Amino acid sequence: MSEYIDFRKITTELLEFQPRENIFLLLDHGGLPGLSQQLRNCSAEWMSLFDGTKEESVLVVAPILLLAANGGKIRLSRLVFDWLRKHGTYSSSVMILVSPLDLAYLASQLGARLHITLAGGVEAMLRFFDPRVFESLLDILTQEQVEDFLGGVSSWYYVDRAGRIAQAREKYREVKVLSKSISLSQEQENLLLESSEIDQILASLRSSVPDRFFEIPCESQYDFVLESVIEARKERLGSVLQMSLYAMIRLFGVNEMPMKVYQKTLEYIRSNDVNNLKAFLNSGEFGN
């Protein structure tokens, strides 16, 4: 049975350890439908990082910075914490930030991090408030870029794909403000795009074969897809679609398939023949 994160307990523990700091939740509204209704029903202090930008009107997909605790006290209601516990554990939409900065100043600093320069000088939005993107960034940025990007916040925590709390790094001795926007090399840009493959496959399985996929505990789904990608590449399957289809046949018990049946499924996958593959799997022939 899947377990849920008690965000209030974590906030309380962080507050006890760092009572003079402010504790914030950075939430991806796009992954938390209904969040704005929760905020309207409570007295919490919050800001959208899209405030003052051309995206200001699209609150339903905005990054929301929410004050959870300051002055040594919890400021967010139990109802909101309980709602986040249910909806935020496996949605890859929650980050916890510890910072001496106040809400408005931190929001401005985080807002500056939304802008990134890609190879060739192209400007783009960086969805770092999605923990999956944030986790990938930590792997592809240089040490200097990481120091610049993480500055302004004492400690960064995020919910990883398995529904566990992870920490970006130990507490900073000195809080730094962002000196300049991050620029990615072509290699870094390619790595960031590749890192999104697993998340695309996860989304595909959850929508195309939900009954079978959700037989796997939420905290184990990422590992299942990662293993599927590794196996798919051994079969020289390279596109996101092909790897998604390969993961799908693993749900149907690929290890129990006769070799001729397995080869037949690979033919469908290599030709991107989704309809015939699904019909074949649902027919029960693969078990013969």
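The values are calculated or read from the model by the stated rules, or taken from the named source; none is laboratory data. Computed from a predicted structure; not experimentally measured. With ideal geometry, Cβ positions are generated from the backbone for all residues, glycine too; neighbour counts draw on all protein chains shown.
Of the conditions (1) modelled with pLDDT under 85; (2) of a type in the set (A, V, I, L, M); (3) farther than 30 Å from P100 by Cβ, I249 fails just one. Which one is it?
Looking at each condition in turn, I249 falls short on (1).
List the residue pairs whose Cβ atoms are under 6 Å apart, where the first residue sits in the stretch 200-226 and is more than 17 Å from I249 (Cβ to Cβ), the second is acidic (D, E) and surrounded by 14 or more Cβ atoms within 10 Å (Cβ to Cβ), and the two are 6 or more positions apart or on different chains.
Final answer for the pair search is none.
Within the stretch 238-245, does at least one residue satisfy the condition of being in contact with a Ser or Thr (Cβ under 8 Å, 6 or more places away or on another chain), outside the structural domain of R161 (by TED's automatic domain parsing) and not aliphatic (A, V, I, L, M)?
Yes, the stretch 238-245 has at least one match.
Determine if the stretch 83-95 includes at least one residue that is out of contact with any helix residue (DSSP H, G or I) (no Cβ under 9 Å at 6 or more places or on another chain), more than 17 Å from Y158 (Cβ to Cβ), buried (at least 20 other Cβ atoms within 10 Å of the Cβ) and in the same structural domain as Y158 (by TED's automatic domain parsing).
Going through the stretch 83-95, the residues out of contact with any helix residue (DSSP H, G or I) (no Cβ under 9 Å at 6 or more places or on another chain) turn out to be 86.
If we keep only those that are more than 17 Å from Y158 (Cβ to Cβ) too, we end up with 86.
The next check asks that each one be buried (at least 20 other Cβ atoms within 10 Å of the Cβ); those that pass are none.
No, the stretch 83-95 has no match at all.
What number of residues within the stretch 114-126 satisfy the criterion of being surrounded by fewer than 20 Cβ atoms within 10 Å (Cβ to Cβ) and within 18 Å of the chain's Cα centre (by Cα)?
Going residue by residue through the stretch 114-126, those that are surrounded by fewer than 20 Cβ atoms within 10 Å (Cβ to Cβ) are 114-115, 117-125.
Remaining after also requiring within 18 Å of the chain's Cα centre (by Cα): 114, 125.
Matching residues across the stretch 114-126 total 2.
Against the condition farther than 30 Å from Y4 by Cβ, within 30 Å of the chain's Cα centre (by Cα) and either assigned to a helix (DSSP H, G or I) or free of Cβ contacts under 8 Å to residues at least 24 places away in the same chain (or both), how does L237 come out, does it pass? Talk me through it step by step, then tell me what you get.
Details: farther than 30 Å from Y4 by Cβ: yes; within 30 Å of the chain's Cα centre (by Cα): yes; either assigned to a helix (DSSP H, G or I) or free of Cβ contacts under 8 Å to residues at least 24 places away in the same chain (or both): no.
Criteria not met by L237.
Pairs, please: C-beta under 6 Å, at least 6 apart or cross-chain, first residue without any contact (Cβ under 8 Å) to a residue 24 or more places away in the chain and in the stretch 43-67, second aromatic (F, W, Y) and surrounded by 15 or more Cβ atoms within 10 Å (Cβ to Cβ)?
Qualifying pairs under 6 Å: E56/F50.
Identify all residues within the stretch 207-225 that are assigned to a helix (DSSP H, G or I), modelled with pLDDT of 85 or more and of a type in the set (D, E, K, R); write none if there are none.
In the first step, residues of the stretch 207-225 are kept if they are assigned to a helix (DSSP H, G or I); the result is 207-208, 210-213, 218-225.
Filter once more, keeping what is modelled with pLDDT of 85 or more: 210-213, 220-221, 223-225.
Of everything in the stretch 207-225, those that are assigned to a helix (DSSP H, G or I), modelled with pLDDT of 85 or more and of a type in the set (D, E, K, R) turn out to be D211, R212, D223.
Taking the condition of being of a type outside the set (D, E, K, R) and without any contact (Cβ under 8 Å) to a residue 60 or more places away in the chain, how many residues in the stretch 71-100 meet it?
Just the residues of the stretch 71-100 that are of a type outside the set (D, E, K, R), to begin with: 71-72, 74, 76-77, 79-81, 83-84, 87-100.
Now drop any that are not without any contact (Cβ under 8 Å) to a residue 60 or more places away in the chain, which leaves 71-72, 77, 79-80, 83, 87.
Residues in the stretch 71-100 being of a type outside the set (D, E, K, R) and without any contact (Cβ under 8 Å) to a residue 60 or more places away in the chain: 7 in total.
Any residue that is over 20 Å from the mean Cα position of the chain (by Cα) and at pLDDT below 90 - is there at least one of those in the stretch 127-144?
Our first condition is that a residue be over 20 Å from the mean Cα position of the chain (by Cα); within the stretch 127-144, this holds for 142-144.
Narrowing further to those that are at pLDDT below 90: 143-144.
Yes, the stretch 127-144 contains a residue that is over 20 Å from the mean Cα position of the chain (by Cα) and at pLDDT below 90.
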